[in-house]
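The structure under discussion appears below in the form of C-alpha cells.
The values are calculated or read from the model by the stated rules, or taken from the named source; none is laboratory data. Source: prediction; values computed, not measured. Positions of Cβ are backbone-derived with ideal geometry, glycine not excepted, and every protein chain shown enters the neighbour counts.
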C-alpha cells in the first residue's frame, strides 16, 4: 500500500475490518478498501464483487484466505455430522464459491493472479483434536490443486501458498 497499490479486504464482520484499519499507517489508509460481505454464499459473493468493482473499478490480483483461524473440536468420534458439514462449508464450499465469483475478473490476463492461501493444516494433523480441521483444509487444498490441473492454459497465474515448512518437517 505504501507503493500506491490499493488493497481491498472483504469480511462478513465489520468489526474485524475496523480492527484491520487500526493496523494501517495513516499515510496509506486511503489505499485500503473494506467491503462487508459474505463470499461464502453465491449471492453474497456476487454482491461483494459488485460492491468491490464499483469502489475500485479494476481488480488485478486476488488473494483467497478463507475459513477460520483454528478449530479443535476433539477427535472425530466425538463430533457430529453437523460439525463436519460446518467445517467443509467454511473451508471448501466458501473457497469454491468465492473462486467462482472472482476468478473471471483475473482469468484472461497474464499480468493478473489468483492466489489461494491454504495453510498447513491440509497436509497433516496438527495436533490431536484437530482432525476435522485437517479434513476441511485438505479439501480446500485439493480443490486448489484441481484448479491448477484443470486450467493449465489459463493466462492468469494460479498460485497456492501453504504454511512454510522447516527442515525438521
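Points worth noting:
- Looking only at region 107-130, and only at residues there that are surrounded by fewer than 21 Cβ atoms within 10 Å (Cβ to Cβ) and touching a strand residue (DSSP E or B) at 6+ places or on another chain (Cβ under 8 Å), the one that is farthest from residue 53 (Cα to Cα): 117
- Answer residue from region 9-22, given it is out of contact with any helix residue (DSSP H, G or I) (no Cβ under 8 Å at 6 or more places or on another chain) and either modelled with pLDDT of 95 or more or not in a loop (DSSP other than H, G, I, E, B) (or both) and is surrounded by the fewest Cβ atoms within 10 Å (Cβ to Cβ) among those: 22
- One residue stands out in region 33-83 among those that are at positive phi and loosely packed, with under 15 Cβ neighbours inside 10 Å: the one that is modelled with the highest pLDDT, namely 57.
- Within region 32-44, residues that are over 11 Å from residue 7 (Cα atoms) have Cβ atoms under 8 Å from residues that are part of a loop (DSSP other than H, G, I, E, B) and modelled with pLDDT of 95 or more in no pair, counting only partners at least 6 apart in sequence or on another chain.
- Listed by position, the helices (runs of 4 or more DSSP H) inside region 23-139 whose residues that are out of contact with any helix residue (DSSP H, G or I) (no Cβ under 8 Å at 6 or more places or on another chain) number at least 2 are 42-56, 81-88.
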